[in-house]
Amino acid sequence: SAILVTHLVRLTRVSPGFTADGVLTFEITAKDPSKETVDRLQFHKRFLTTLEGIPGVTNAALASSVPLSGCCFSTTLYPEGRSASPDTVQRVSFRAVSQGFFSTLQIPIRAGRLLDARDVRDDPLAIVINESAARTYWPGQNAVEAYARLGGPEGTRVQIVGIVGDVRNDGPGKPTVPEVYLLSAVVA
């Protein structure tokens with residue numbers, strides 16, 4: 001039991017990369033996932049507005065998954081202008097979020113900007129990446145405004161609009177996985 005307690009104490013000292021104080025999470029499931037995108041977007045907007053109207057709630061956000069829950073939906077990322085070697089391809093976490101996600105969890109922005117209403121476009125798709133993705137795919141460079149492809153060398157074209165701090169996205173005891181964030185409105 002001493003080993004377990006020691007391990008738990010060490011885990012409490014690991015920074016998750018976001019502020020968890022006062023954060024409440026819960027899961028919702030859509031009744032009809034095939035519903036029109038416009039209907040879902042209107043539902044998301046009404047839902048967030050209702051949550052933010054509850055006394056004591058200062059921010060609300062939607063996300064396809066929450067940090068620390070274990071990793072994730074995943075894809076691959078191929079920076080444009082470089083040859084895609086199968087040896088260097090690795091898993092990239094993929095998280096769809098609403099505009100208020102970063103401010104709600106107080107995830108710091110490191111460069112560029114956060115996702116907002118102007119990013120509801122699909123060519124190129126606007127994304128934010130974490131510091132791990134920036135270091136992995138654009139070492140020693142500024143990745144803001146760089147282009148890449150998601151899912152394969154000929155996949156969806158994306159443009160990085162911002163870089164945020166790393167969040168423990170594969171559990172508290174594991175290294176952060178490179179991560180891509182895009183607006184839930186785009187994939188809704």
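Quick look at the values:
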quantity: Test: Q99 is open to solvent by 70 Å² or more (accessible area, probe 1.4 Å), under 16 Å from the mean Cα position of the chain (by Cα) and at pLDDT below 95; calculated: yes
quantity: Residue in the stretch 122-130 that is of a type outside the set (K, R), surrounded by 22 or more Cβ atoms within 10 Å (Cβ to Cβ), in contact with a Lys or Arg (Cβ under 8 Å, 6 or more places away or on another chain) and under 18 Å from P67 (Cα atoms) present; calculated: no
quantity: Residue that is part of a strand (DSSP E or B), within 25 Å of L48 (Cα to Cα) and in contact with a strand residue (DSSP E or B) (Cβ under 7 Å, 6 or more places away or on another chain), where the choices are A126, A148, A111; calculated: A126
quantity: Residues being open to solvent by less than 30 Å² (accessible area, probe 1.4 Å) and of a type in the set (S, T, Y) - total across the stretch 137-164; calculated: 1
quantity: Residues satisfying the stated conditions in the stretch 165-188, i.e. outside any strand (DSSP E or B) and either open to solvent by less than 20 Å² (accessible area, probe 1.4 Å) or small (G, A, S) (or both); calculated: G165, V167, N169, G171, G173, V177, P178, S184, A185, A188
quantity: Pairs, first open to solvent by less than 50 Å² (accessible area, probe 1.4 Å) in the stretch 45-64, second among the β-branched types (V, I, T) and modelled with pLDDT of 85 or more, C-beta under 6 Å, six or more apart; calculated: A61/T104; A63/V97
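The values are calculated or read from the model by the stated rules, or taken from the named source; none is laboratory data. Since we're looking at a predicted model, the values are computed, not measured. Note: ideal-geometry Cβ built from the backbone for every residue, glycine included; neighbour counts use all protein chains shown. When the accessible area is computed, the model is the full protein with side chains, heavy atoms only, and any ligands, DNA or RNA have been set aside. Shrake-Rupley method; radii C 1.70, N 1.55, O 1.52, S 1.80 Å.
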